[in-house]
């Protein structure tokens, strides 16, 4: 957990290495347990307060899904979900 570095690569362009001082290693057996423990309740909270938004979870990530008749309607729903998420956090 010490002396860790990350370098982002996007479309073949490499960023500068940056020291990582938080989080746990990708693939750690503790990751799923900590992820579930930390986020317990976030899905219900957002879906309860944002009726048109659904939660998606993939391994170590979460996303919010919203549908609407216009881009603005979808953006408004996702913005509300982001607000609820930040308050919950």
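Computed over the Cα atoms of the chain, the ratio of the radius of gyration to the Kirkwood radius (Rg/Rh) comes to 1.07. Residues 20, 84, ranked from the fewest to the most other C-beta atoms within 10 Å, line up as 20, 84. Counting only DSSP H runs of at least 4 residues, each contributing -39500 (n - 2.57), and dividing by the residue count of the chain, the helix-based mean residue ellipticity at 222 nm comes to -12000 deg cm²/dmol.
For helix 71-88, report the angle its Cα long axis makes with the longest principal axis of the Cα atoms of the chain; keep it between 0 and 90° and round to the nearest 10°. Once rounded, one gets 60 degrees. Ranked for footprinting exposure by Cβ neighbours inside 10 Å, fewest first, 30, 13 give 13, 30. If I take every Cα pair under 8 Å that is 6 or more residues apart in the chain, average their sequence separation and divide by the length, what percent do I get for the relative contact order? Here the relative contact order equals 18 percent.
Values in this text are rule-based calculations from the coordinates and carry no lab data. None of the values given here were measured: they were computed from a predicted structure. Here Cβ is always computed from backbone atoms with ideal geometry, including for glycine, and neighbour counts include all displayed protein chains.
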